[in-house]
1. Please specify each residue of the range 287-314 satisfying the condition of being hydrophobic (A, V, I, L, M, F, W, C), in a helix (DSSP H, G or I) and in contact with a Leu (Cβ under 7 Å, 6 or more places away or on another chain).
2. So how many residues does the range 264-286 have that are in a helix (DSSP H, G or I) and open to solvent by less than 20 Å² (accessible area, probe 1.4 Å)?
3. Return the only residue of MET284, MET300 being of a type in the set (A, V, I, L, M) and modelled with pLDDT of 90 or more.
4. For VAL257, indicate whether it is of a type in the set (A, V, I, L, M), in a helix (DSSP H, G or I) and at pLDDT below 85.
5. Considering only the range 121-137, state which residues are aliphatic (A, V, I, L, M) and modelled with pLDDT of 85 or more.
6. How many residues are surrounded by fewer than 24 Cβ atoms within 10 Å (Cβ to Cβ), under 18 Å from THR74 (Cβ atoms) and either among the small types (Gly, Ala, Ser) or out of contact with any helix residue (DSSP H, G or I) (no Cβ under 7 Å at 6 or more places or on another chain) (or both) if we restrict to the range 136-148?
7. Answer yes or no as to whether PRO305 is more than 20 Å from VAL387 (Cβ to Cβ), free of Cβ contacts under 8 Å to residues at least 40 places away in the same chain, of a type outside the set (Lys, Arg) and open to solvent by 10 Å² or more (accessible area, probe 1.4 Å).
Amino acid sequence: MLALRCQLGLNLLNFFIAAMQTAFGPFLAVYLTEQRWNQTSIGAALSVGAATALLFQLPGGWIIDAIHRKRLSTALALSLLAISSLLVIALPNQVPVLIAQVVHSFASSLITPAIAALTFLVCGYGAYSERLGVNGRYASLGAAFSAVVLGLFAHFLSERAIFEVAAAMVVPALASLLLIRDSDRVDAEDHPAILHPRERRRRRHRPWQSLAEGPLQVFGCCVMLFHLANAAALPLALNELTRRTGHSGFVVSAAIVVPQAVVVIFAPLVGRLAERLGRRPVLMLGFAALPLRDLLFAGMPDALPLAVIQVLDGISGAVFGLMLPLIAADVTRQSGYLNLAIGWLGLASGVGAIASTAIAGWMADRFGAPTAFLGLTCAGVAAFAAVWLLMPETRPGKPLTGRPAVVTA
């Protein structure tokens, strides 16, 4: 029953973390508008959040690597997420909200590697890919569930209630964390990431050795190109749809729910395929879906076709969400600095996303939205080509064995 208890804890933990983080998205901008903030101040607050999230990626991964008790680090990140939500509603003024954005960004930079590390400790390297797929399924369920529930609270109560609910979700999240115990660790020989930080230092492995790995550098470039092609696509498509029709109707919700549904259905399958076929074939599938989506958006689809096209976003999202921590685990089999590698890839993601919105926005204003989408398509083709031509297969020929984990949802 140990595997079932740990599995339930990870499922619930991923669900509630995704639900908590949903509040700091479009809901925040709406709430600040309700508090009579002007658009310049709202934009500045969101920019501070994006910038600090970028700066905290590497320190966040390094901190998780340096803390041996992964449950403690996860609990710390969850508490900071709740504090950021409470700050927003307690003091909705400029300085407290900016502080809340910084706290939330720091917590987010901790939570992704913390969950990856906790999953690794429970499942081991051999079952990691399949378990990451299940993690993705429950994270998508949590995001979709919270989008609906928070929307209902906002409609029937107020935008303030969104952040109250988000903060309250820390209670079940911490309760689910109690289902995973320190004694549930796999054999320390499974992967050096499981070792105590002092033991990794005694083996003369240093953090920067992870960042110097050739496959990690190549994958970092692929990740940056992926987000360059991806981040601006949906906002630009929705903006153009609204401009042409005067309203977007159901499509905003559908455009969010459709890819989440695809991830829920296919993420565990992606994990199994990554273990059986290797990383490169699955990566190529996910990266191929991205430029195709951008190219279809260039045709300025109406509401229903746009929602259908978002299936491709679900495919690429399912692949990318699983491959980032999995390849990080592959390339750190010697050094063990798994979470620092995840932070490095998170930094590449942020750089690509910021460049995407800036470049696509400029191209849309200067040359029109179809040209901007063609530019995003070119970036997506470049990302696919980089995976095809440069990315090596990182799955070991004979994966190290870990505890056989029950990973069925």
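1. First, pick out the residues of the range 287-314 that are hydrophobic (A, V, I, L, M, F, W, C): 287-290, 292, 295-298, 300, 303-304, 306-309, 311-312.
Next cut, in a helix (DSSP H, G or I) only: 287-290, 292, 295-297, 303-304, 306-309, 311-312.
Within the range 287-314, ALA289, LEU292, ALA303, LEU306, ILE309, LEU312 qualify.
2. Pass one, the range 264-286, residues in a helix (DSSP H, G or I): 264-276, 279-286.
Next cut, open to solvent by less than 20 Å² (accessible area, probe 1.4 Å) only: 267-268, 270-271, 274, 279, 282-283, 286.
Total meeting the criteria: 9.
3. Numbers: MET300 fails: modelled with pLDDT of 90 or more.
Answer to the selection: MET284.
4. Working: of a type in the set (A, V, I, L, M): yes; in a helix (DSSP H, G or I): yes; at pLDDT below 85: yes.
Here the answer is yes, as VAL257 does meet what is asked.
5. Taking the range 121-137 and keeping what is aliphatic (A, V, I, L, M), we get 121-122, 127, 132, 134.
Within the range 121-137, LEU132, VAL134 qualify.
6. 0
7. Values: more than 20 Å from VAL387 (Cβ to Cβ): yes; free of Cβ contacts under 8 Å to residues at least 40 places away in the same chain: yes; of a type outside the set (Lys, Arg): yes; open to solvent by 10 Å² or more (accessible area, probe 1.4 Å): yes.
Here the answer is yes, as PRO305 does meet what is asked.
Results for (1) of a type in the set (Asp, Glu); (2) buried (at least 21 other Cβ atoms within 10 Å of the Cβ); (3) within 24 Å of VAL282 (Cα to Cα), shown as yes or no for each residue.
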site	(1), (2), (3)
LEU326	no, yes, yes
ARG333	no, no, yes
ASN339	no, yes, yes
ILE342	no, yes, yes
VAL351	no, no, yes
ALA372	no, yes, no
LEU376	no, yes, yes
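The values are calculated or read from the model by the stated rules, or taken from the named source; none is laboratory data. Remember, it's a predicted structure, so these values are computed and weren't measured experimentally. In this analysis, Cβ positions are derived from the backbone assuming ideal geometry, glycine residues included, and neighbour counts consider all displayed protein chains. Ligands, DNA and RNA are stripped out before the accessible areas are found, and what is left, the full protein with its side chains, is counted by its heavy atoms. Shrake-Rupley method; radii C 1.70, N 1.55, O 1.52, S 1.80 Å.
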